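A short worksheet on the structure shown next.
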2 protein chains.
Amino acid sequence: MKSDLDRLMQERGLDAIVVMGESRENHALNYLTRHAKITQGFVIKKRGDPAVLLCSSMERDEAAKSGLAVKTFADFGLPLLIKETGSLFEAQLRMLVAALEHYGIGGTVGFYGLGDPGQSFVMLTRLGEMLPVVTVTGETETTIFDAAYATKDAEEIEAIKSVAARTNTVMAEVVDFLKGCPVRDGHLFGHDGAPLTVGDVKRYLRARLFHHRLEDHGETIFAIGRDAGVPHSRGEDGDVLELGKSIIFDLFPRDIESGYYHDMTRTFCLGYAPPEVQRAYDEVMRAFETVIGALKVGEQAAYYQDLTCNVFEELGHKTPRSHPGTEEGYVHSVGHGIGLQIHARPRLGVASQDVIEPGQVFTVEPGLYYPQRGFGVRIEDTVYVDTDGAIHSLTPFPKDLVIPVA
Amino acid sequence: MKSDLDRLMQERGLDAIVVMGESRENHALNYLTRHAKITQGFVIKKRGDPAVLLCSSMERDEAAKSGLAVKTFADFGLPLLIKETGSLFEAQLRMLVAALEHYGIGGTVGFYGLGDPGQSFVMLTRLGEMLPVVTVTGETETTIFDAAYATKDAEEIEAIKSVAARTNTVMAEVVDFLKGCPVRDGHLFGHDGAPLTVGDVKRYLRARLFHHRLEDHGETIFAIGRDAGVPHSRGEDGDVLELGKSIIFDLFPRDIESGYYHDMTRTFCLGYAPPEVQRAYDEVMRAFETVIGALKVGEQAAYYQDLTCNVFEELGHKTPRSHPGTEEGYVHSVGHGIGLQIHARPRLGVASQDVIEPGQVFTVEPGLYYPQRGFGVRIEDTVYVDTDGAIHSLTPFPKDLVIPVA
């Protein structure tokens, strides 16, 4: 959690950190500024000292809501530097150097945030040359932010519970909507008499998300039949809702205010489930319950991917362990942390170095995919580990394969 | 426009480009993939050759919608590399090296997209060491993408006109909503009998944006009184709508499907305008009309900032030219290009190297800010320059300061 940052900096030999870039999707910046509505900024933090936020003077009011000490770009001479250099890049670089000097930053400094990779490469190479007391570095695996994000403090858990409850409600609303649609010729119809399509469902879904102050970036997966067999296929707007086809409904919206996510998946068949889908469903449920039942603090997160592969391989399915790169059978990892990012630590997958700890919030989501046979199945809950190490599901929505239709 | 990329690469001595990172807010990636709904990817383009998109095999269907040739991470060995190295970063780096070798990439290679700055620094430093035939570079000012974005092709202009028309409609809907509210004690009331607040207006606004398939990321500015005097203050949800106060309503939503923006600002007073606001409004309109009247192909974009400063300084206001860093008077640039980004080329500001050209779409937005005196004024249209060099406003919404109330 956020209060771990000084300890993490100490452990990794970081004397200071700089978080930079525009704010949209800039998780590290938003984490430190509590989602203050600024366009861009630099947060400078010397180990042991409070962080300082540099931003445009036009955004000083919004920046103040971060709770951080705020300085403006003008405080470090940006307008004059632009005039002198005729270059925004050059001026921003010199301004940053001036600010680092002002705060007495030296030693090993880690850079984070979001930016154009080539520009970052040039900027940090230059910065290292201009400030010989600074050794520029970046972290390439679990950064101090990834490590801090992995466990949530009480304020974050409250925000996550709120988005979880609303996401479960939205899924219930969409399922009720489907239940209420007339059936003819083996598929659903809208109340306007036209065949109901995936696009219609997504329009209804978006209205409900909006009502509950959630946003899905148009990325919700509602994929039927063969598309359900391709894990990240979002579904085709023109597809009609045929009875007896597997539908993967993977809903992972973000709270518009707090920026926190929930992530849940259910697989449905309208009216009835064909035997092979029912069998795959039962097998996925077996893997799901095996993993959930085995979750405990102190265990390697990678172990749960092994456990999932054990279950599926024993049942005769290909897995990424038995057939690296397979596109049928079980084809992904069994879970991932969530927070201000949809994919965070811990990673419950191969090569993960993470360990299950109190304060974590992560998904458990085994699945089986057979695009050639026209179906896929995935079940996903988000769970959190409380301070006593007990595991709680944040996804109470029922796990029924068949949605009864009229 | 997109078809300029090969020429731009040639002019800047780039033998190839690589665009990388997650897709959200990754303008360069989304530009090349036509907003394909993939989580992350690498686009590799050798000068003169078509671009290739590398993505997860799980996302191959969505990736195919880009119209680019698609290869999967597995095609370049990612699953095995993860197994071998035990490191996602290391595996991705080696995969990228393998892909660059496969496509025979050498010479000067520019890197673009979005990523963690420190990680990009480490990754590109390593990549340069691993692939001595490649000289890693980044562009720090107007990148080839910035240059390409600056002018729009016919498909983009259509998308931009569509979002412009809907944005104007939303502003009209919000103004009609305000006109219809009862007045008592010098401020507006909702139909529920409670004082109408900025938060209420924003809720109504969001519903209208949603209806028109637009999103504002909660960033619309609707700021009254003193807050209108701080250009990027978003407005306070709890503020009531007093008559006779200046309201800056800066609406810059993005189309959910195409990703293109519109940007427009109107300043309003409910019921009546105090003389000092009316005077400032007339002065801003004078600057606005001066700039609009002077726009022509071939002119330096920076000239329009000078022109704006001329007008305001003659009227006795501070400007960034006369008082760098000033927080009152005229305090920003007079315009910026828009497209898949809210801020793109051309920049109509000091130190801009841009020139007005056919195909550009940009804002014209002079303003005056007096937070201590409790008001601010800004007027903003978006214009585009057609292939014949004629200037067209995309913001027909009327420019009336006073909104009559009941």
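The values are calculated or read from the model by the stated rules, or taken from the named source; none is laboratory data. Bear in mind that the values here come from a model prediction, so they are computed numbers and not experimental data. Neighbour counts are summed over all protein chains in view; Cβ atoms, including those assigned to glycine, are modelled from backbone coordinates with ideal geometry.
Annotations for the structure displayed:
- Condition check for B:TYR369: farther than 20 Å from B:MET285 by Cβ, touching a strand residue (DSSP E or B) at 6+ places or on another chain (Cβ under 7 Å) and either among the hydroxyl-bearing types (Ser, Thr, Tyr) or not assigned by TED's automatic domain parsing to the domain that holds B:GLY259 (or both): no
- Members of segment B:41-65 found to be among the charged types (D, E, K, R) and either part of a helix (DSSP H, G or I) or within 7 Å of chain A (Cβ to nearest Cβ) (or both), listed by number: B:GLU59, B:ARG60, B:ASP61, B:GLU62
- Close pairs (8 angstrom Cβ cut-off, 6 or more residues apart or separate chains): more than 15 Å from A:GLU357 (Cα to Cα) in segment A:292-310, among the polar types (S, T, N, Q) and in a helix (DSSP H, G or I) anywhere: A:LEU307/A:THR290; A:THR308/A:THR290
- Residues that are part of a strand (DSSP E or B) and either free of Cβ contacts under 8 Å to residues at least 60 places away in the same chain or among the charged types (D, E, K, R) (or both), drawn from segment B:376-389: B:ARG378, B:GLU380, B:ASP381
- Residue that is surrounded by the most Cβ atoms within 10 Å (Cβ to Cβ), among those in segment A:1-39 that are among the hydroxyl-bearing types (Ser, Thr, Tyr) and under 25 Å from B:GLU236 (Cα atoms): A:THR33
- Flag if A:GLY48 is under 30 Å from B:ARG321 (Cα atoms) and not assigned by TED's automatic domain parsing to the domain that holds A:LEU340: no
- Annotation note: of B:ARG12, B:ARG94, the sole residue that is over 31 Å from the mean Cα position of the chain (by Cα), in the same structural domain as B:THR125 (by TED's automatic domain parsing) and among the charged types (D, E, K, R) is B:ARG94.
- Checklist (1) surrounded by fewer than 20 Cβ atoms within 10 Å (Cβ to Cβ); (2) under 30 Å from A:ALA16 (Cβ atoms); (3) of a type outside the set (D, E, K, R); (4) within 14 Å of another protein chain (Cβ to nearest Cβ) applied to A:TYR204, failing item: (2)
- Restricting attention to segment B:144-198, the residues that are in a loop (DSSP other than H, G, I, E, B), out of contact with any Gly (no Cβ under 7 Å at 6 or more places or on another chain) and over 22 Å from B:SER258 (Cβ atoms) total 9.
- Summed over segment B:212-262, residues that are more than 12 Å from every other protein chain (Cβ to nearest Cβ) and at positive phi total 2.
- Looking only at segment A:66-81, and only at residues there that are more than 10 Å from chain B (Cβ to nearest Cβ) and in a loop (DSSP other than H, G, I, E, B), the one that is nearest to the chain's Cα centre (by Cα): A:SER66
- Failed item, numbered, when B:HIS35 is tested on (1) outside any helix (DSSP H, G or I); (2) modelled with pLDDT under 95; (3) within 9 Å of chain A (Cβ to nearest Cβ): (3)
- Candidates A:ASP116, A:ASP61, A:ASP75, filtered to the one that is over 30 Å from A:ARG347 (Cβ atoms), acidic (Asp, Glu), in the same structural domain as A:LEU8 (by TED's automatic domain parsing) and surrounded by 19 or more Cβ atoms within 10 Å (Cβ to Cβ): A:ASP61
- For segment B:293-375, no strands (runs of 3 or more DSSP E) sit wholly inside it while including 3 or more residues that are surrounded by fewer than 24 Cβ atoms within 10 Å (Cβ to Cβ).
- Residues satisfying the stated conditions in segment B:104-125, i.e. touching a residue at least 60 places away in the same chain (Cβ under 8 Å) and either among the acidic types (Asp, Glu) or more than 7 Å from chain A (Cβ to nearest Cβ) (or both): B:ILE105, B:GLY106, B:GLY107, B:THR108, B:VAL109
- Condition check for B:THR290: in contact with a Pro (Cβ under 9 Å, 6 or more places away or on another chain), more than 30 Å from B:GLU215 (Cβ to Cβ), surrounded by fewer than 23 Cβ atoms within 10 Å (Cβ to Cβ) and at pLDDT 95 or above: yes
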